[in-house]
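Since the structure comes first, as structure tokens, the remarks are kept for the end.
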Amino acid sequence: MSSAPSSPSRFAPFTAIMRREFAGYFRTPLAYVFLAVFNAFAVSLAFFVGGLFESGVASLDRFFLYHPWLWAFLAPAAGARLWAEERRQGTIELLLTWPVTVWQAALGKFLAAWLFLACALLMTLPVAFTVGYLGNDGSRWNIITGPDWGVIAGGYAGSLLCAGACLGIAAIASALTRNQVIAFVTGFLACFILVLVGYGVFDELLAGVLGSGGVDEIRRLGLWRNLEPFTLGLVDARPIAYFLSVAFAGLGLSTIIIERR
Amino acid sequence: MPLIEAKNLSKSYGVIRAVSDVSFSVDRGEVIGFLGPNGAGKSTTMKMLAGHIRADSGTASIAGFEVAAESVAAKQHLGYSPEGAPAYGEMTVREFLRFAADLRGLADPAASVRETLALCRLEEVAAQTIDTLSKGYRMRVGFAQAVIHDPEVLILDEPTDGLDPNQKFEVRRILKEMAARKAVIISTHILEEVGELCTRVIVIAKGEVRCDESRDKFLARGPDLNAVFRKLTA
């Protein structure tokens, strides 16, 4: 054969894995179902539950309000296959006996999944354009304020970071089992708890156990609590650090689990 | 320098000692028939050599690189086909081999895929998804990914398992063509393969090496190889 073992670029395994994983989402109908479900729920919740249209405000905070719920459900759905599928098919033995480190494989897989979630999010851009269009035209909408594109872009960035955090949790769940259903349910439950943190009823329950001081600390870990500043146009390092920490802690832990399998 | 070296490899799963103090080395041009009953520790030893599982103690080296410490360098010189030849079933044969070539950073991945498809006689199924292939073709795909980079070391876990006589002949033909330039380990249950393909035989049972000798010496143990095998692995 013409290509003897060479000294491949350090990025060759990483980019090959990322490309394969990203394309892998579209090899089955699941990806299209996923994108359709995400869009249908994202738009329906904003308009029919959040009353985005009736609010008369050219802002997407009512749209982003439901994103932690959506990501808590759909990021584990997209992330369940990361390692569970490799284990089920036995391909993990193949992949990890090719010249690739577990870190390269894990990062390639994680970023491909995050990119897939970004595609789902980008498909909701017509909502932003609709709000922008109506917000610029007082005759069509009883306008209170025009659209602030910076705030809208911030909301999208925050939502994408929130998706990454949920994906980090999903990666851990996927590394622990060969069953995608178990990986999904475990990942969803863990994300669901982070969604509930910060909601009144759940906080009251926690306050009964931990006292009000403890609840304040835990409330900082809630997904919405950290996403909200983005939707209000507030640029703060803390929520960025929070989402990235959860995402990369999940990535790191899943890598360690695979390394010690 | 031997291309494959196992030094005092041991591995336990809970209280079960799967591999116990296994040592051997393989030079270029040698084809080792790795024999043993089911559960003898063949696959575990091969997985340790390939870097898939870590040994509890002992070291494994491929082309002079210690598998645990210089894992990526060792794996660049290794072609490994696990038992059952797992592959990404949703990919076509061509896509799968291209992925293997890209991941290995081969200089001309398209040419490597083309040549490997020809070598393993997979051209006619190149556009088929792996899930739709017969077992014989799947095994050949597993073999193809192991040789796409023309490695110095080949470790094949039951590469002819479940193949019909024609398919077995094909795999053996390809291996014979390559064997002089490589160090090869093949695990098998098929004792006739020893005479046809191997230059040396290692018999393992209950995690221990029971016999490590040349093919001729092994064949001279008796006319009935099944009886020889039973005696060695008892």
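The values are calculated or read from the model by the stated rules, or taken from the named source; none is laboratory data. Source: prediction; values computed, not measured. Because the Cβ atoms are built from the backbone with ideal geometry, glycine has one as well, and the counts that use them run over all protein chains shown.
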Could you tell me which residue of the range B:47-74 is surrounded by the fewest Cβ atoms within 10 Å (Cβ to Cβ), considering only residues that are touching a residue at least 60 places away in the same chain (Cβ under 8 Å) and more than 10 Å from chain A (Cβ to nearest Cβ)?
B:64
Do we find a residue being over 25 Å from residue B:195 (Cα atoms), surrounded by 24 or more Cβ atoms within 10 Å (Cβ to Cβ) and in contact with a strand residue (DSSP E or B) (Cβ under 8 Å, 6 or more places away or on another chain) anywhere in the range B:25-42?
no
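Yes/no matrix, rows are residues, columns are (1) assigned to a helix (DSSP H, G or I); (2) within 13 Å of the chain's Cα centre (by Cα):
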| residue | (1), (2) |
| --- | --- |
| B:138 | yes, no |
| B:143 | yes, yes |
| B:156 | no, yes |
| B:160 | no, yes |
| B:169 | yes, no |
| B:175 | yes, yes |
| B:184 | no, yes |
| B:187 | no, yes |
| B:212 | no, no |
If you scan the range B:77-105, which residues turn out to be at pLDDT below 95, more than 8 Å from chain A (Cβ to nearest Cβ) and either buried (at least 20 other Cβ atoms within 10 Å of the Cβ) or in a helix (DSSP H, G or I) (or both)?
B:85
Residues of the range A:93-121 being surrounded by fewer than 22 Cβ atoms within 10 Å (Cβ to Cβ) and either of a type in the set (Val, Ile, Thr) or on the phi > 0 side of the Ramachandran plot (or both), in sequence order, are A:101, A:102
Right, residue A:138: surrounded by fewer than 23 Cβ atoms within 10 Å (Cβ to Cβ), at pLDDT below 95 and not acidic (Asp, Glu) or not?
yes
Has the range A:221-234 got any residue that is at pLDDT below 80, in contact with a Lys or Arg (Cβ under 9 Å, 6 or more places away or on another chain) and in a helix (DSSP H, G or I)?
no
Just a yes or no: is a residue in the range B:217-224 in contact with a Phe, Trp or Tyr (Cβ under 8 Å, 6 or more places away or on another chain) and crowded, with 21+ Cβ neighbours inside 10 Å?
no
How many of the residues making up the range B:123-166 are of a type in the set (Val, Ile, Thr), in contact with a Lys or Arg (Cβ under 7 Å, 6 or more places away or on another chain) and under 19 Å from residue B:188 (Cβ atoms)?
2
Picking from B:18, B:50, B:40, B:55, the residue that is within 29 Å of residue A:258 (Cβ to Cβ) and in contact with a Leu (Cβ under 6 Å, 6 or more places away or on another chain) would be B:55
In the range B:142-159, what residues are surrounded by fewer than 24 Cβ atoms within 10 Å (Cβ to Cβ) and without any contact (Cβ under 8 Å) to a residue 60 or more places away in the chain?
B:150
Outside any loop (DSSP other than H, G, I, E, B), modelled with pLDDT of 90 or more and either surrounded by fewer than 22 Cβ atoms within 10 Å (Cβ to Cβ) or more than 14 Å from chain B (Cβ to nearest Cβ) (or both), is that true of residue A:40?
yes
Could you grab the pairs with beta carbons closer than 6 Å, sequence gap of 6+ or different chains, first residue in the range B:206-234 and in contact (Cβ under 8 Å) with a residue 60 or more places away in the chain, second one in a loop (DSSP other than H, G, I, E, B) and among the hydroxyl-bearing types (Ser, Thr, Tyr)?
B:215/B:199
Failed item, numbered, when residue A:113 is tested on (1) more than 14 Å from chain B (Cβ to nearest Cβ); (2) modelled with pLDDT under 95; (3) in contact with a helix residue (DSSP H, G or I) (Cβ under 8 Å, 6 or more places away or on another chain)
(2)
Residue match in the range B:19-27 (condition: assigned by TED's automatic domain parsing to the domain that holds residue B:184, in a strand (DSSP E or B) and touching a helix residue (DSSP H, G or I) at 6+ places or on another chain (Cβ under 7 Å)):
yes
Return yes when residue A:212 is among the polar types (S, T, N, Q), part of a helix (DSSP H, G or I) and modelled with pLDDT under 85 and no when it is not.
yes
Do the conditions hold for residue A:27, that is, is it over 25 Å from residue A:184 (Cα atoms) and either outside any helix (DSSP H, G or I) or modelled with pLDDT under 90 (or both)?
no
Among the residues of the range B:106-143, which ones are small (Gly, Ala, Ser) and either facing chain A (nearest Cβ under 9 Å) or touching an Asp or Glu at 6+ places or on another chain (Cβ under 6 Å) (or both)?
B:107, B:111, B:112, B:142
